[in-house]
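Reading through the structure tokens given below for one structure.
Coordinate-derived values only; no laboratory data. Please read all numbers here as calculations on a predicted model, not as lab measurements. Here the Cβ positions follow ideal geometry from the backbone for every residue, glycine too, while neighbour counts run over all protein chains shown.
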């Protein structure tokens, strides 16, 4: 999908996560949590641009080229990581977690 905002001239290609479950019972908490998440800025975190809370709930976030980390690390052809690559991935995950905890 493409997303545009008043502060951007060019549209950004984004991922849209659609929730199948009914989150009506926790709607206020969900809105509060996602508003906090929109403020997070770190190179090792996927940026969340916003949400569509009406009807079928959707989260609009940065498109990650290689998919989620679990799929990226998963087995498959060419998935033989060298130790330095794995250490770098661990470092990046750790940096993101440290930021979230601060």
Problem - Virtual spin-label span in nm between residue 12 and residue 65, 7 Å along Cα→Cβ - result: 1.7
Practice task
Work out how much length residue 90 to residue 4 would gain on full extension: take 0.36 nm times their residue separation and subtract the Cα-Cα distance, in nm to one decimal.
Solution key: 27.7 nm
Completion exercise
Ranked from fewest to most other Cβ atoms within 10 Å of their own Cβ, 83, 88 fall in the order 83, 88
Fill in the blank from the handout: Measuring from the longest principal axis of the C-alpha atoms of the chain, the long axis of helix 83-101 (C-alpha) lies at a number of degrees, nearest 10, equal to 30
Fill in the blank from the handout: Restricting to Cα pairs under 8 Å and 6 or more apart, the percent relative contact order of the chain works out to 25
Completion exercise
Relative to the chain, whose Cα atoms define the longest principal axis, helix 27-38 and its Cα axis are tilted in degrees, nearest 10, by 50
Practice task
Please order 38, 70 by the number of other Cβ within 10 Å, starting at the fewest.
Solution key: 70, 38
